[in-house]
Amino acid sequence: SVYGRIDAVDDKVDAYIALTRDKAYEAAEAIDKRLAGGEALGDVAGIPMALKDNISTNGIKTTCASKMLENYTPAFDAHVYEKLKEAGAILIGKTNLDEFAMGSSTENSAFKTTKNPWNLDRVSGGSSGGSAAAVAAGEAFFALGSDTGGSIRQPASLCGIVGFKPTYGAVSRYGLVAFGSSFDQIGPFTKDVEDCAIVLNHLYGYDKNDSTSLAVEHGDFKEALNKEIKGMKIGLPKEYFGEGIAPEVKKLVMDGVKVMESLGAHVEETSLPYSEYALPVYYIASSAEASSNLARFDGVRYGYRAKDYEDLNDLYIKSRSEAFGDEVKLRIMLGTYTLSSGYYDAYYNKALKARRLIKQDFEKAFEKYDILISPTSPTTAFKIGERSDDQLAMYMSDICTVPVNIAGIPAISIPCGFSGGLPVGMQIMGKALGEASIIKAAHAFQ
Ligand code: GLN
């Protein structure tokens, strides 16, 4: 069973924060009964899945890999979990992440560092490193993660599997512990593109509990499988192949592009000039949102509470100081600073204006191209500890993925080869609600 595999390897990989063994066996029995009763169950029934530990699960701890929520048990299910459970998928455990999804290596977890299954001295990527490593190591058939600036695609790339970030609003965020609400999306990690299409079918759809949920029909993503890509127009944004991208990564992605070309696609170099500003825009805007979203963790209503305090203010200060990790504190400080009066126009408002320009770059490109292709991560998995003290190097890990969240468009990362024994991922981006083109191209390539 999948638990046999977990028992055999998870003390080395450290993908899971908690296993839900008893509940999983109960759920499996219930599925058996439904089958025995003659019920026709769908394509995820009985399939073992893992959820990133910032996705709420009723009666099961949801820690966000933070001391703040170490003992927090939600009283409701996230929309995506409810839907998958309904379809018969079986939750086997909650996976590790960077605290509150802030990071690119899963080293910011308050509990443990998830290792890369291909090389245990390397990071699994982040922030959804636990979900990526679990699928890559055969410790789950599929897993869900969240992607605010690359946290599904980058770990998928580093672990050699498929990761998908949906169009903003296409998948309900209800029950996802919020980081940067205007960027966050939930999406799947799978072994291949077909599984990805299958899981996406279960995630998409309108939800009245998410005010940003889109009321659109998504159709069946499996219809985009096994299609020809002859005549498809592919753009290669030159800014995503320049400085900072490791030569071997660039080469493997270009080899992948040549495969697409041999299948009849038209490939052309293009430009997204404002992407140059994507990192500062992302870190200003997402930290501003995070500072507001994380204000609710005050030690009063739920979460960690400091033991000794003098008054209410002291309770807030001590609880937050003791329970948040360094990276989270850094983002809260950055966010409150850029939102404070006197600085608001210079930073936050400026970032929003630049955000619009970055988005317009993409809109213009998609008038000409069906999809855009780039590397997912500028390098293969780096050594554990290598970037822990180098904030900028860590933030650079997301240089190819954050523009997608800024623009709200969908993108996939698929494996396109190995360099030095480590996987390399290729990112395929599509226009808003253009996931079918992405799946079509990714499946044809795979
Ligand atoms: N690495 C980025 C950050 O630290 C993205 C995180 C994410 O997508 N959740 O913010």
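Just so you know, all these numbers are worked out from the coordinates, no wet-lab data involved. Fair warning: this is a prediction, and the values are worked out from it, not measured in the lab. Cβ coordinates were reconstructed from backbone atoms using ideal geometry, including for glycine residues, and neighbour counts include every protein chain displayed.
Using a Gaussian network for the chain with springs between C-alpha atoms less than 10 Å apart, which of these wobbles most: 91, 41, 200?
Looking only at 91, 41, 200, the largest GNM fluctuation is found for 41.
Please give the Cα centre distance for the stretch 210-226 versus the stretch 1-64, rounded to the nearest Å.
Between the Cα centres of the stretch 210-226 and the stretch 1-64 lies a distance of 25 Å.
For the stretch 398-446, rounded, prolate or oblate, judged on the Cα gyration tensor with a ≥ b ≥ c (square roots of eigenvalues), a/c < 1.5 rounded, else prolate if a/b > b/c? Walk me through the numbers on the way to the answer.
Working: a/c = 4.89, a/b = 1.37, b/c = 3.57.
Oblate is the answer for the stretch 398-446, as a/c is 1.5 or above yet b/c matches or exceeds a/b.
Which aspartates and glutamates have a Cα lying under 12 Å from the Cα of residue 318, excluding residues fewer than 8 positions away in the same chain?
298, 308, 310
May I ask what percent, to the nearest 5, of DSSP beta bridges between residues of the stretch 1-155 are antiparallel?
Details: 6 of 14 bridges.
Percent antiparallel among DSSP bridges in the stretch 1-155 is about 45.
How high is the relative contact order of the stretch 135-199? Use alpha-carbon pairs under 8 Å, at least six apart in sequence, and give a whole percent. Can you show the working numbers first?
Working: 109 pairs, mean separation 26.7, N = 65.
Taking the mean separation of contacting Cα pairs over the length of the stretch 135-199, I get 41 percent.
Can you pull out the trypsin sites (Lys or Arg not before Pro) in the stretch 39-132 that DSSP calls coil and that have at most 15 other Cβ atoms within 10 Å?
112
Nearest-5 percent of antiparallel DSSP beta bridges in the chain?
Details: 32 of 47 bridges.
If I count the DSSP bridges inside the chain, around 70 percent turn out antiparallel.
Please order 386, 435 by the number of other Cβ within 10 Å, starting at the fewest.
386, 435
Quote to one decimal, in nm, the extra length available between residue 73 and residue 255 on full extension: 0.36 nm per residue of separation minus the C-alpha distance between them. Write out the running numbers ahead of the final one.
On the way: separation 182, 0.36 × 182 = 65.52 nm, distance 4.69 nm.
So the chain would gain 60.8 nm between residue 73 and residue 255.
If you place +1 on the Cβ of every Lys and Arg, -1 on the Cβ of every Asp and Glu, and leave all else neutral, what size is the dipole of the chain about its Cα centre, to the nearest 20 Debye? The partial results should precede the final answer.
Working: 47 positive and 58 negative charges, 81 e Å.
Magnitude of the dipole: close to 380 debye.
May I ask you to compute the full-extension gain from residue 209 to residue 87, defined as 0.36 nm times their residue separation minus their alpha-carbon distance, rounded to one decimal in nm? Show your work: numbers first, answer last.
Numbers: separation 122, 0.36 × 122 = 43.92 nm, distance 1.97 nm.
Going from the current span to full extension adds 41.9 nm.
State the Cα centre-to-centre distance between the stretch 249-283 and the stretch 145-207 in whole Å.
Cα centroid to Cα centroid, the span is 21 Å.
Rounded to the nearest 0.05, what FRET efficiency is calculated for residue 5 and residue 419 with R0 set to 22 Å and r the Cβ-Cβ distance? Don't skip to the end; give the middle numbers.
Working: r = 27 Å, r/R0 = 1.22.
According to the calculation, E is roughly 0.25.
Spin-label point model (7 Å from Cα, Cβ direction): what's the residue 216 to residue 263 distance in nm?
The answer from the label model is 2.3 nm.
In what order do 177, 44, 135, 216 fall by count of nearby beta-carbon atoms within 10 Å, going from fewest to most? Numbers along the way, then the final one.
Working: 177 26, 44 22, 135 31, 216 13.
Exposure proxy ranking, most exposed first: 216, 44, 177, 135.
Relative contact order of the chain, please, whole-number percent, based on alpha carbon pairs below 8 angstrom and at least 6 residues apart.
Numbers: 1056 pairs, mean separation 81.6, N = 446.
Reported relative contact order: 18 percent.
Gap in Å between the Cα centre of the stretch 380-436 and the Cα centre of the stretch 300-339?
31 Å
Using only the alpha carbons of the chain, what is the convex hull's orientation-averaged projected area in square nanometres?
Details: hull surface 84.6 nm².
Mean orientational projected area (the chain, Cα hull): 21.1 nm².
Strictly over 24 Å apart at the Cα level, which of 23/115; 94/359; 115/359; 67/94; 359/383 would you flag in this model?
Working: 23/115 26 Å; 94/359 34 Å; 115/359 35 Å; 67/94 16 Å; 359/383 33 Å.
Correct reply: 23/115; 94/359; 115/359; 359/383.
Please go through the stretch 1-85 and write out the GluC sites (Glu not before Pro) that DSSP classes as loop and that have at most 11 other C-beta atoms within 10 Å.
39
Only helical DSSP H runs with n ≥ 4 go in: add -39500 (n - 2.57) per run for the chain, normalise by residue count and round the 222 nm mean residue ellipticity to 500 deg cm²/dmol.
Working: 14 runs with 162 residues, N = 446.
That calculation yields -11000 deg cm²/dmol at 222 nm.
Determine the shape class of the stretch 213-332: with a ≥ b ≥ c the square roots of the Cα gyration tensor eigenvalues, call it rounded for a/c under 1.5, and otherwise prolate if a/b is greater than b/c, oblate otherwise. Write out the running numbers ahead of the final one.
Details: a/c = 3.57, a/b = 2.28, b/c = 1.57.
Prolate, because a/c is 1.5 or more and a/b exceeds b/c.
Explain nothing, just the number: dipole magnitude of the stretch 223-368 about its Cα centre with +1 on each Lys and Arg Cβ and -1 on each Asp and Glu Cβ, in debye rounded to the nearest 20.
Working: 22 positive and 23 negative charges, 60 e Å.
Charge dipole of the stretch 223-368: 280 debye, to the nearest 20.
Need one number: nm distance between label points at residue 367 and residue 33, each 7 Å from Cα along Cα→Cβ, rounded to one decimal.
5.9 nm
Return the subset of 208/440; 52/307; 52/165; 191/440; 233/258 for which the Cα-Cα distance in this structure is over 20 Å, preserving the input order.
Values: 208/440 30 Å; 52/307 29 Å; 52/165 14 Å; 191/440 16 Å; 233/258 13 Å.
Violating the 20 Å Cα-Cα cut-off are 208/440; 52/307.
Run down the aspartates and glutamates and flag those whose C-alpha is under 13 Å from the C-alpha of residue 85, throwing out any fewer than 8 positions away in its chain.
26, 43, 77
Between the DSSP loop rule and a limit of at most 10 other Cβ atoms within 10 Å, which trypsin sites (Lys or Arg not before Pro) in the stretch 160-226 are left?
On the way: sites: 173, 191, 208, 222; in loops: 173, 191, 208.
Passing both the DSSP loop test and the Cβ count: 208.
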